[in-house]
1. For segment 73-88, just list the computed ³J(HN,Hα) in residue order, Karplus coefficients 6.51, -1.76 and 1.60, θ = phi - 60°, integers in Hz, with x standing in for Gly and Pro.
2. For the chain, the longest stretch holding no GluC sites (Glu not before Pro) located in a DSSP loop with at most 10 other Cβ atoms within 10 Å is which?
3. Could you please state, rounded to a whole Å, how far the C-alpha centre of segment 142-216 is from the C-alpha centre of segment 20-43?
4. For the chain, with all protein chains present and a 1.4 Å probe, just round the carbon and sulfur fraction of the accessible area to a whole percent.
5. Calculate, for segment 1-154, the solvent-accessible area per residue in square angstrom, rolling a 1.4 angstrom probe over the heavy atoms of the protein chains.
6. Residue-wise, which Karplus ³J(HN,Hα) couplings in Hz belong to segment 55-66, taking 6.51 cos²θ - 1.76 cosθ + 1.60, θ = phi - 60°, and x for glycine or proline?
Amino acid sequence: NNHFKILTGIEFFRYQSKATLADNQVYRHNQIDDVGSSFEYRVVTTGYTETQSISALRIPLMLQFTTGSLNKTQWYFNAGGKFMLPGKINLKANASKLTTTGYYPDVNAEVHDLPQHGFGVVNNWQSNGSYSTKSGWLLSAGTGFSFKLSPTGKTRLYVGVYADYGLSNLKAGKESLSLITYNSQNVANVRANGSMGMNEVANLKLMNFGLQLKLG
């Protein structure tokens, strides 16, 4: 009563995560100001939180092993791969306080309070942003039990757990971004680049796990 099946199809997937940053941490990025001078853009946050979401289509190719008769409860295990076609990663960021400064190494000076040139303090800040992504492969596995819903046992309810792990980097480009954009005209108009675009996040791989409920 053991059976093997090959499973394929199309899945719609939506993933959401949340990131927080430690208060008073300095985030640095090299920039060019409005007169063409190079400087180190420094951002300090208080109460920074960021929510990221992504939607994707996935095409699975899975091998499923089941034990037991169709007329009884069956145990199943499946494993294989999924090809993922993701959309953009959208983010929403907010902070109770942002402080931006500019350090000019040529003169060994740090500019603090020039909001008309992009340096200063912003309170109760909010912003949206997005990242481009690229397609890639996931490893996937799941296990659980199935229960018959029809007299023949061919229509079944599957209840179990699953896990997916990305094999490739979701980030489309290698360009490093500052946590917050530099706005040379008005510090109040800075917008979010987000934590995923920073140089500290070189690889962005998808991992998710949870409960699975499906009809088959």
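The values are calculated or read from the model by the stated rules, or taken from the named source; none is laboratory data. Everything numeric in this text was worked out from a predicted model, so none of it was measured. Because the Cβ atoms are built from the backbone with ideal geometry, glycine has one as well, and the counts that use them run over all protein chains shown. Keep in mind that these areas ignore ligands, DNA and RNA; they rest on the heavy atoms of the full protein, side chains included. Shrake-Rupley method; radii C 1.70, N 1.55, O 1.52, S 1.80 Å.
1. Values per residue, Gly and Pro as x: 5, 10, 9, 10, 9, 10, 8, x, x, 9, 9, 10, 10, x, x, 6 Hz.
2. That would be 1-174.
3. After rounding, the separation between the Cα centres reads 29 Å.
4. Working: 6800 of 12320 Å².
It is 55 percent, rounded to a whole number.
5. Details: 8890 Å² over 154 residues.
It amounts to 58 Å² per residue over segment 1-154.
6. Those phi angles translate into 10, 7, 9, 10, 10, x, 9, 10, 9, 10, 10, 10 Hz.
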